[in-house]
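Just below is one structure, and these are the notes that go with it.
The values are calculated or read from the model by the stated rules, or taken from the named source; none is laboratory data. Computed from a prediction, not measured in an experiment: that's the story for all the values here. Glycine also receives a Cβ, built like all others from the backbone with ideal geometry; neighbour counts cover every protein chain displayed. SASA here: full protein model, heavy atoms, side chains in, ligands and nucleic acids out. Shrake-Rupley method; radii C 1.70, N 1.55, O 1.52, S 1.80 Å.
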Amino acid sequence: MAKLVDFHCHLDLYPDFEALVRECETREIYTLAVTTTPRAWSRNHELASKTKHVRAALGLHPQLVHSHGSDIVMWEKLLDKSSYVGEVGLDASPQYYKSLPEQKHVFERILKACSKQGGKVLSIHSIRTASTVLDMANEHLDLRNNTMVLHWFTGTAVEARRAVEMGCYFSINARMLRSSKSNALLKAVPLERILTETDGPFTDGKVGPARPEDAMTCVEGLAGAYDLPVADMQKAIVRNLLAILQTVTK
Ligand code: MN
């Protein structure tokens with residue numbers, strides 16, 4: 001049976017964090033455990049490094065920059081230990097708009113640090129900032145040896161096509177597929193650039209907050225959208241993930 005992929009999940013925000021890491025491993029769900037602050041990374045990495053299917057990403061969430069912006073110093077110190085970066089990016093929704101200049105400053109430092117080291121995979125948040133995120137990546141990120149995965153992308157189809165041309169991947173969740181915008185997005189993104197995510201626990205699963213196994217709901221939705229059998233869709237997503245993993249240095 002093909003495996004599942006949850007390329008953006010906040011495993012450390014579940015009450016049974018450690019059990020959930022083990023569950024991803026036994027169920028063979030490739031899971032990217034994103035973090036919102038670099039302070040959380042070491043514990044995530046410690047648990048993930050004992051598994052084959054879970055990896056920890058070093059993050060500094062744009063919604064936390066206004067209160068934890070100085071964590072960028074710790075983030076930069078940890079980067080050479082991690083090939084995975086996230087959750088990072090920009091958020092211009094009304095409650096975070098004020099901190100946008102500081103968010104940009106932090107994000108620029110993140111992109112430059114990734115460029116310097118190379119071999120990174122970034123899970124990127126871009127609420128109301130798709131064009132700015134792509135502009136900044138063009139300017140500050142070496143896209144020849146780093147891979148961007150746009151998480152819960154809400155930009156326009158034109159922005160999505162630009163991101164595809166830049167080599168970006170898109171991690172799609174089931175909630176996005178319920179939005180009327182998803183048809184235009186999926187038309188703009190070739191199957192080879194699609195991954196699945198849950199963004200758990202911030203979306204709903206079959207029972208309560210989504211867990212990595214709920215990525216299957218998204219696989220089923222994508223199969224419908226791309227007119228493929230579910231099993232073929234599932235295999236295609238694993239194939240896309242393996243293509244990305246080949247670019248990772250460690
Ligand atoms: Mn998230």
- Do you know which residues across segment 177-195 are within 15 Å of VAL5 (Cβ to Cβ), out of contact with any Cys (no Cβ under 8 Å at 6 or more places or on another chain) and assigned to a helix (DSSP H, G or I)? LEU191, GLU192
- Message: Take VAL164 and tell me if it is open to solvent by less than 70 Å² (accessible area, probe 1.4 Å), in a helix (DSSP H, G or I) and within 16 Å of the ligand (Cβ to nearest atom).
- Response: no
- Message: Quick check on my filter: what residues within segment 217-227 are open to solvent by 20 Å² or more (accessible area, probe 1.4 Å) and either part of a helix (DSSP H, G or I) or under 16 Å from TYR30 (Cβ atoms) (or both)?
- Response: THR217, GLU220, GLY221, GLY224, ALA225
- Message: So LEU47 ticks every box in (1) in contact with an Asp or Glu (Cβ under 9 Å, 6 or more places away or on another chain); (2) crowded, with 22+ Cβ neighbours inside 10 Å but one. Which box is left unticked?
- Response: (2)
- Where residues in segment 20-33 are more than 16 Å from the ligand (Cβ to nearest atom), surrounded by 16 or more Cβ atoms within 10 Å (Cβ to Cβ) and not acidic (Asp, Glu), which of them is nearest to LEU150 (Cα to Cα)? TYR30
- Those residues of segment 170-182 which are more than 16 Å from the ligand (Cβ to nearest atom) and either among the basic types (Lys, Arg) or within 18 Å of the chain's Cα centre (by Cα) (or both), in sequence order: LEU177, ARG178, LYS181, SER182
- Message: Can you report the number of residues in segment 1-19 which are closer than 25 Å to LEU222 by Cα and either of a type in the set (D, E, K, R) or within 16 Å of the ligand (Cβ to nearest atom) (or both)?
- Response: 8
- Please state which one of SER70, SER93, SER115 is open to solvent by 60 Å² or more (accessible area, probe 1.4 Å), small (Gly, Ala, Ser) and free of Cβ contacts under 8 Å to residues at least 40 places away in the same chain. SER70
- Task: Report yes if some residue within segment 136-151 is within 16 Å of the ligand (Cβ to nearest atom) and of a type in the set (S, T, N, Q); otherwise report no.
- Result: no
- Message: If I ask for residues that are within 14 Å of the ligand (Cβ to nearest atom) and of a type in the set (Val, Ile, Thr), which ones from segment 83-107 would you list?
- Response: VAL85, VAL88
- Task: Please specify each residue of segment 188-216 satisfying the condition of being farther than 27 Å from ALA157 by Cα, touching a residue at least 24 places away in the same chain (Cβ under 8 Å) and open to solvent by 40 Å² or more (accessible area, probe 1.4 Å).
- Result: PRO209, ARG211, GLU213
- Restricting attention to segment 34-74, the residues that are within 16 Å of the ligand (Cβ to nearest atom) and either in a loop (DSSP other than H, G, I, E, B) or of a type in the set (Phe, Trp, Tyr) (or both) number exactly 9
